[in-house]
Every structure is written in structure tokens, then in C-alpha cells.
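Below is one structure, written out as C-alpha cells; the observations come after it.
Just so it is clear, none of the values below were taken in a lab; they were calculated from the coordinates. Note that the structure is predicted; figures quoted are calculated from it, not measured. Methodologically, a virtual Cβ is constructed for each residue, glycine included, from the backbone with ideal geometry; neighbour enumeration extends over all protein chains shown.
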Amino acid sequence: MSEFSRRDMLGAAAAGGVAAAATGTETFGQGQPPFGPTPAPLAGTELPSFRFQLGAVAPKRWDGGWAKEATVAEFPVSQALAGVLMSLVPGGLRELHWHANAAEWAYVIKGQCRVTTINPQGESQVVDFNAGDVWYFPRGFGHSIQGIGSEDCLFVLVFDNGYFSEFGTFSISDWVGHTPPEVLAKYFGVPAATFANFPKREVYISKGPVPPPLPANPAPGSLDKGPLTHRYQLLAQRPSVYPGGTNRLVSQQQFPISATVTGALMQIKPGALREPHWHPNADEWQYYISGRARMTVFGSHGRVRTDEFNAGDVGYVPQGYGHYIENIGNED
């Protein structure tokens, strides 16, 4: 990927927000993103809405937290990327699970959480995340997320497949609950009765005590200090500063394991404009953290669509579509 495309492929998230873009061209080596370029709509057709009110969606709730999603089913224009907003109470645990058809990129909006990751080689990483941190899990990597600290942890997840659903993942409780006890006994080397009180269906999010602090020395086989760590401290990055705001960009260049998603944290001052631009090699998925914004999208053949966004909204821009974003509120 050229420096031009690394720098300019990702637009903005708005008055205060985060954006992500699928960047699979290099990784998959086929000259196209993994799910193909977004088809150009026919001339004369009206452009669809590029806004989805994720914040207004009723979440699915558990004792340990809640989740809501924006996939192509809810947001049809979002073909290449899907998103989930999730919150965990202190001690709330999103159980160990994995995704067969999507990599996961996330930004922690507030609070703290502890993430455990297991790769196909059996190596693990256990890391505490704070507000402003990013994680990335390649497809098939097992992972769990637990709320820690004294407040709920809120984070936004982005998946590099618009047809992905967070509620259709592979969960360890679901698998164990549908495996005969005698098979589990044979594998673990314990009596079959050991599993009598195990859940018989997917738990998804549970609630337990807040775990103690991590030990100073990671366990053997940990990836905590390697180049393929799953954590990147985006908010701690020195931002690029412009007259109208700031931008923090994290691509595979800064975060080596993030092979298919590039992300950005952008703040736009009241009245300022993210200039008209387009991305030649990626769709853009946006989450508006705060403020109010107006985005205009140009879809060729004289077609233009303008939508206004509030905190909690999701925006989307297909690959190659021109767009610009204005802050129309009174806060960043």
C-alpha cells in the first residue's frame, strides 16, 4: 500500500468519533478487497441513506452487559463492514468466542476491560485496555472480554464483513453445552459428572467478580511483548493537528497485526470541515462519539446525499464515493 493510500484512505468520524476501513487488498493478494469492490449503483437511482441510528436501537441485555449491532441486515449500504456497540459492567464477561467470517477491530470509548486472546498456535495474550485503546483479532482467534475497574466499559467493534452478526458467533459455552459429557470427560481426564451443572446453551455475557490485577510477569507462551500484540494505544498517539481539528490514524504500519482494518480517531471543531475526499481502496465505517455533524456523499452522475448525524449514529461511505463532513454543532 502506498503512503498516499495509507494516509488518505480513511476520512473521518466527525465532530468527535472513530472510523474504520477495510483494507484487505494487500492481505488477500487478489488485487481486490476480500469481498470485492462495492458495485457502482446505476445512474438515475437515488442514493440510499448513509446514516444508521445505532444509539436508538434497543440492545440485547444480560446481567453482565448489553450489545446492539449494525450489519447489512439493519443498514443495507454497509456491505463491507459491520459494527457492534457493547457495554460490560464491572465483572461482566463476554465469554470466549471466535468469528469464522470476520476479523474484529475495536475502540474503547470509556471504562476498562481485560481481553484474553488465543491464536491458532495456542499462544495467548492477556491485556488490560483503557479508554482510547484499540484491539484487533484476526479471523478465528479465540478471545474473551471482561469489564474491570469501577465503571461500565463501552466499546465499539468493527468487523471486515458487512454480513457478519455478533449474535451468530462461535461461543465456548454453546459448544461445551452440546458436547456429550463422556466426550468432555475423555478430553479433560475428569469424571463426566463434572459437567453436570455446566450451561446447556450459549451464555454470551455473564457476570462475576472483578478480577484482580494482572501479575507483573506474563504467563509462558504469552504474546504480551511481541510485535503482534493485539493492543494499540490510539488516544496516546500524538495527533496530526490542523486548523479545524485533529486526527489520529492507526494502520498496519503502526499496528502490525491489524492486516485488514485501518482506523482513525478524528475531532472536528465547531464550524470546521473535513475536506472533500474519497478513498480508492476501502469502504469507510464511522461511529459518532459526540457532537453533531453533516456528511454529504457524492455518488457520480449528479447524485448527492446529505445526512445529519448525532452522537451514537453510524455513517458509511462506499469505496470511491466522494464525501465531506461538517461540524454543525457547538462542541467538538
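In a reduced charge model with +1 at each Lys and Arg Cβ and -1 at each Asp and Glu Cβ, segment 145-291 shows a dipole moment near 340 debye about its Cα centre. Two numbers describe the Cα atoms of segment 205-332: Rg and Dmax, which are 18.8, 60 Å. Projected over all directions and averaged, the alpha-carbon convex hull of segment 120-251 occupies 12.0 nm².
If only the Cβ of Lys and Arg carry +1 and only the Cβ of Asp and Glu carry -1, the dipole of segment 97-151 around its Cα centre is close to 100 debye. Taking the number of Cβ atoms within 10 Å of each Cβ as an exposure proxy, the fewest-first ranking of ARG94, ARG201 is ARG201, ARG94.
A 27 angstrom limit on the alpha carbon distance is what I want to check against. Which of LYS68/LYS269; LYS60/LYS269; LYS68/LYS200; LYS110/LYS207 exceed it?
Checking Cα-Cα distances, LYS68/LYS269; LYS60/LYS269 exceed 27 Å.
Spin-label model, ARG238 to PHE167: label points 7 Å out along the Cα-to-beta-carbon direction sit 4.6 nm apart. Label point of LYS269 set 7 angstrom out along Cα-Cβ; within segment 317-332, amide nitrogens under 15 Å from it belong to 327-332.
Could you work out Rg/(2.2 N^0.38 Å) for segment 85-162, with Rg from alpha carbons only? Numbers along the way, then the final one.
On the way: Rg = 11.9 Å, N = 78, 2.2 N^0.38 = 11.5 Å.
This ratio for segment 85-162 stands at 1.03.
Residue-wise HN-Hα couplings along segment 279-294, as the Karplus relation 6.51 cos²θ - 1.76 cosθ + 1.60 with θ = phi - 60° gives them from phi, are 10, x, 9, 6, 6, 10, 10, 10, 10, 8, 7, 8, x, 10, 9, 10 Hz; Gly and Pro carry x.
Spatially, segment 97-152 and segment 237-308 are offset by 24 Å when compared through their Cα centroids.
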